[in-house]
1. Report, to the nearest 10°, how far helix 232-262 tilts away from the longest principal axis of the Cα atoms in the chain, using its own Cα long axis and a range of 0 to 90°.
2. With a cut-off of 8 Å between alpha carbons and a minimum separation of six or more residues, what is the relative contact order of the chain in percent?
3. Take the Cα gyration tensor of region 157-254, multiply each eigenvalue by 5, square-root it, and list the three semi-axes largest first, rounded to whole angstrom.
4. With +1 on each Lys and Arg Cβ and -1 on each Asp and Glu Cβ, and nothing else charged, work out how big the dipole of region 284-335 is about its Cα centre, in Debye to the nearest 20.
5. Can you run phi through the Karplus equation (6.51, -1.76, 1.60; θ = phi - 60°) for region 149-162 and list ³J(HN,Hα) in whole Hz, with x for Gly and Pro?
6. Could you compute the net charge surrounding residue 38? Neighbours are other residues with a C-beta less than 12 Å from the C-beta of residue 38; K and R count +1, D and E count -1.
7. Once the dipole of the chain is set up with Lys and Arg at +1 and Asp and Glu at -1 on Cβ about the Cα centre, which of 212, 74, 51 lies farthest towards its positive end?
8. How many lysine pairs in region 91-208, separated by 8 or more positions in sequence or lying on different chains, have Cα atoms less than 25 Å apart?
Amino acid sequence: MNAVSKITILGIETSCDDTSVAIVQDGSVLVNLISSQWIHQKYGGVVPEYASRFHLESIVDLYEMALEKAGIEPGELSAVAVTRGPGLLGSLMVGLTFAKSICLSLDIPLIEVNHLQAHAYSLFIEQQPVFPLLCLTVSGGHTQLLHISEDHEIRLIGQTVDDAAGEAFDKTGKLLGLPYPAGPEMDKLAKKGQAVFSFPPAQMPDYQYSFSGLKTAVLYFLQNQLKQDPEFINSNLEDLCASVQKVIIGMLLNKLKKAAIDLKVKSIGIAGGVSANSGLRSELQDLCTKHEWKLYLPSIAYCTDNAGMIAHLGYSKYKRGAFSDLGINALARYPIV
Ligand code: KG4
Ligand code: ZN
């Protein structure tokens with residue numbers, strides 16, 4: 001096959017606070033560059049105005065770097081796949097406008113990608129799963145239990161009614177004095193601690209999740225303990241992290257297990273930023289081994305926000321001719337189904 005007949009997709013992701021550009025050729029990821037914005041740490045959460053400004057500052061450099069690293073000329077690009085939503089409107093608009101301008105200048109099609117679909121389909125980047133499959137998408141903005149059929153059709157089985165699992169890590173971590181986003185740091189500290197403190201898991205019907213009560217429970221617990229010992233957090237940080245992480249993982253896996261048994265699904269996957277959590281990955285591995293379920297775990301690079309998953313889903317949409325009009329707008333809310 002010569003270079004001209006290859007399908008080469010440029011992927012762009014700017015939905016939140018990671019600017020990412022990737023190139024996928026004939027289904028394989030050639031480059032997946034991610035620039036995380038550390039400015040938000042100073043404020044303990046994402047500041048939307050800063051997020052869009054930093055996307056604007058880094059997107060052109062990332063694009064040029066991606067082409068150079070992949071050894072691809074702009075003229076070889078077949079299409080541009082870009083996150084249309086859900087996400088922060090100003091951030092999405094930077095990526096979408098940049099994608100449209102490349103499409104216009106190179107006269108190639110635009111492919112819109114739903115960020116949540118891309119997280120779920122990130123399971124297919126490195127492996128060919130057996131269907132039907134249950135995918136637990138756990139990110140900073142969403143917690144969704146999805147049933148994916150043999151023809152890749154997604155059915156939403158359950159989701160959170162309030163905070164997302166990533167928010168639970170970030171908000172409880174903030175109470176413990178960890179920098180934003182607290183998830184990765186809590187993961188590291190939890191490895192060194194014991195889950196000696198118990199926090200009540202939310203009791204929700206069916207396959208629904210709720211995480212907002214955990215933050216309140218941790219807040220009241222800490223307030224009480226700090227009255228008796230002002231050094232309580234510092235002297236118990238690792239055990240506190242292990243305890244909070246344990247209850248979040250327990251809630252996530254209970255519903256996943258119930259859904260797999262009820263729906264008789266034997267293939268399980270996890271996606272989204274929280275799927276990088278080492279405790280979640282190892283407990284899920286044990287659960288799947290026990291039940292003889294096949295587990296699909298994406299590499300860490302494809303867990304958190306990345307354009308590789310956008311370009312990869314863009315590649316399959318390209319093959320179906322699923323192109324978008326250049327007049328489309330960014331969507332802050334964009335349901336997965
Ligand atoms: O998918 P993602 O990069 O962005 C969204 O679409 O939201 O997910 C970001 C979330 C943050 O809440 C972050 O704390 C969490 O994923 N996260 C983790 C870990 N790595 C990232 N949470 C727990 N353990 C980790 N290792
Ligand atoms: Zn995401």
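1. Compared with the principal axis, the helix lies near 60 degrees.
2. Details: 702 pairs, mean separation 85.0, N = 337.
Relative contact order here is 25 percent.
3. Equivalent-ellipsoid dimensions as semi-axes: 23, 14, 12 Å.
4. About 200 debye.
5. Working through the residues one at a time gives 7, 4, 8, 6, 7, 9, 10, 7, 8, x, 7, 7, 8, 9 Hz.
6. Local net charge: -1.
7. Of 212, 74, 51, it is 212.
8. Final tally of qualifying lysine pairs is 6.
Readers should treat all values here as calculations from the given coordinates under stated rules, not as data from a laboratory. These numbers come from a predicted model, not from an experiment. In this analysis, Cβ positions are derived from the backbone assuming ideal geometry, glycine residues included, and neighbour counts consider all displayed protein chains.
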